[in-house]
Amino acid sequence: MNQVSTGKNIFSGNGIGIDHLLNSIQTGVIIHGPDLELLYCNSAARKLLSLQDEEISLLTLMCRCKNLVGADGMPVSPDMIPCNTALQTRVPVEGVVLGIPVCDNVATTWFMVHSVPVLDENGEVIEIVSSFNDITALKEAEEKLNWLYQNLEARAYELASSNADMEKFVAVATHDLQEPLRLISSFLQLLKMKYTEKLDARAQEYIGYAVEGAQRMKKLILDLLEYAKFRNNREGFTDVNSGLVLKSVLVSLEESISKNRATVESGPLPQVYADPALLEQLFENLIGNSLKYRGSQDPMIRIACEETQGEFQFSVSDNGIGIKPEYSDKIFNLFERLHNNESFEGTGVGLAICEKIARLHRGSIGVHSEPGKGSTFYFTIPKCQ
Ligand code: ADP
């Protein structure tokens, strides 16, 4: 709103037209004279301030009301009320939030108030035009949003510190577990080396089992450590050619692929927004599993990608032993295995890490499988990250 300096009362001249105009708008308009006497009040102002006609003469609300509070809920002094400020400073006052407590101060009606002084040719104030809108709903929404934000911040802080505690706990536990394990392993080796002649075949067999157990425990601890160290941050995300990522995975699995006499095929793979190292790990775990859980036929592994409206859906299919449908969710849990170590070696951590990787990419992971026929693992990466 600009400072008006016409030197004329706005009701002079075409006053009736202006009165019609001011009564047809939703914004409250009050005009005070230079002594803060009321000159005009439109119908929206009466409605917004819930004033009866007989109260209008008392309408000093926007300039002298004792109960007015500021945006912070604290009482405002008279010189902070916009029409008083505009009268004193002779410059427009804009966007002041004022509240009028209603119903025994339990609730407050909030207004956004602007006051503009109208000056004569000598620069003297002849009128102050105040306009205001009810912003109670807006203010309530803002307060609710602030409350939610503060709650969210507190929760994020709690979560971060409990995560940090957990990480510390796992790091210490796994480190401390490795020490006695090293001790057990080396004394078992010593026992085997020094007393081979004195021990009978059964004792040697038992020592062999114990060594195997210790090695397995070591693998479990290292895998658990890898799972616990998984960082939930997206700092390494970039545009990645997933076809090139797959190529590098196939190079690192070359030995295992040829040992298993496996055929690996791939369709065209897209450019995605991903963490290349994690995408590599995801492919490596899934293809590695297809090689490990092979059936009696030579493994046939196919990697493909389908593009849907909002995401890329990658799939790794094999003709391996398959999985019963009732286990298709469980296998993504930590340490969940469907076989013992005699049939297939493993720790049950690989798919749990795959699930974490898919989640970090804001995608999902799952499997369709038929026992004896093979499995198709799929994971999605949204196009819009
Ligand atoms: P691990 O291979 O170390 O056991 P994973 O987390 O990679 O751990 O897999 C969990 C379980 O899911 C495996 O023990 C296996 O039973 C099953 N599984 C995973 N991939 C396949 C697959 N391609 N075909 C059949 N079973 C699978």
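The values are calculated or read from the model by the stated rules, or taken from the named source; none is laboratory data. Everything numeric in this text was worked out from a predicted model, so none of it was measured. Neighbour counts are summed over all protein chains in view; Cβ atoms, including those assigned to glycine, are modelled from backbone coordinates with ideal geometry.
Annotations
- GLY267 fulfils the conditions (1) more than 16 Å from the ligand (Cβ to nearest atom); (2) at pLDDT 95 or above; (3) within 25 Å of PRO382 (Cβ to Cβ) except for a single criterion, (2).
- Yes/no for MET62 being touching a helix residue (DSSP H, G or I) at 6+ places or on another chain (Cβ under 9 Å), under 16 Å from SER130 (Cα atoms) and either modelled with pLDDT under 85 or part of a loop (DSSP other than H, G, I, E, B) (or both): yes
Residue-wise test of (1) in contact with a Pro (Cβ under 6 Å, 6 or more places away or on another chain); (2) surrounded by fewer than 16 Cβ atoms within 10 Å (Cβ to Cβ); (3) in a strand (DSSP E or B).
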position	(1), (2), (3)
ARG234	no, yes, no
LEU246	no, no, no
TYR273	no, no, yes
ILE287	no, no, no
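- Residues located in region 306-318, provided they are closer than 16 Å to TYR378 by Cβ and either out of contact with any Asp or Glu (no Cβ under 7 Å at 6 or more places or on another chain) or within 10 Å of the ligand (Cβ to nearest atom) (or both): GLU306, GLU307, THR308, GLY310, GLU311, PHE312, PHE314, SER315, VAL316, SER317, ASP318
- Qualifying position, being modelled with pLDDT under 80, surrounded by fewer than 16 Cβ atoms within 10 Å (Cβ to Cβ) and in contact with an Asp or Glu (Cβ under 8 Å, 6 or more places away or on another chain), among GLY33, GLY7: GLY7
- Whichever residue in region 275-285 is crowded, with 17+ Cβ neighbours inside 10 Å and away from the ligand (no atom under 12 Å from the Cβ) and, among such residues, is nearest to GLY320 (Cα to Cα): PHE283
- Test: LEU338 is over 26 Å from the mean Cα position of the chain (by Cα), more than 9 Å from the ligand (Cβ to nearest atom) and not in a helix (DSSP H, G or I): no
- Residue that is nearest to the chain's Cα centre (by Cα), among those in region 248-271 that are surrounded by 13 or more Cβ atoms within 10 Å (Cβ to Cβ) and among the hydrophobic types (A, V, I, L, M, F, W, C): LEU269
- Enumeration of residues in region 341-385 that are crowded, with 17+ Cβ neighbours inside 10 Å, in a helix (DSSP H, G or I) and not small (Gly, Ala, Ser): LEU351, ILE353, CYS354, GLU355, LYS356, ILE357, LEU360
The rows are residues; the columns are (1) in contact (Cβ under 8 Å) with a residue 12 or more places away in the chain; (2) under 30 Å from ARG231 (Cα atoms); (3) among the β-branched types (Val, Ile, Thr); (4) in contact with a helix residue (DSSP H, G or I) (Cβ under 6 Å, 6 or more places away or on another chain).
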| residue | (1), (2), (3), (4) |
| --- | --- |
| VAL96 | yes, no, yes, yes |
| GLU127 | yes, no, no, no |
| ILE135 | yes, no, yes, no |
| GLU158 | no, yes, no, no |
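- Verdict on ILE331 being within 13 Å of the ligand (Cβ to nearest atom), farther than 24 Å from ASP223 by Cα, touching a helix residue (DSSP H, G or I) at 6+ places or on another chain (Cβ under 7 Å) and outside any loop (DSSP other than H, G, I, E, B): no
- For region 346-363, the tally of residues that are more than 15 Å from the ligand (Cβ to nearest atom), in contact with a strand residue (DSSP E or B) (Cβ under 7 Å, 6 or more places away or on another chain) and more than 14 Å from GLU306 (Cβ to Cβ) stands at 2.
- Test result for ARG302, under 30 Å from VAL172 (Cα atoms), free of Cβ contacts under 8 Å to residues at least 60 places away in the same chain and either away from the ligand (no atom under 16 Å from the Cβ) or not in a helix (DSSP H, G or I) (or both): no
- Flag for PHE314 being modelled with pLDDT of 95 or more, buried (at least 20 other Cβ atoms within 10 Å of the Cβ), in a strand (DSSP E or B) and not aliphatic (A, V, I, L, M): yes
- Residue pairs whose Cβ atoms lie under 6 Å apart, separated by 6 or more positions or on different chains, with the first residue in region 347-371 and under 10 Å from LEU282 (Cα atoms) and the second near the ligand (Cβ under 8 Å from one of its atoms) and assigned to a helix (DSSP H, G or I), are GLY350/ASN285; LEU351/ILE331; LEU351/PHE332; CYS354/ASN285; GLU355/PHE332.
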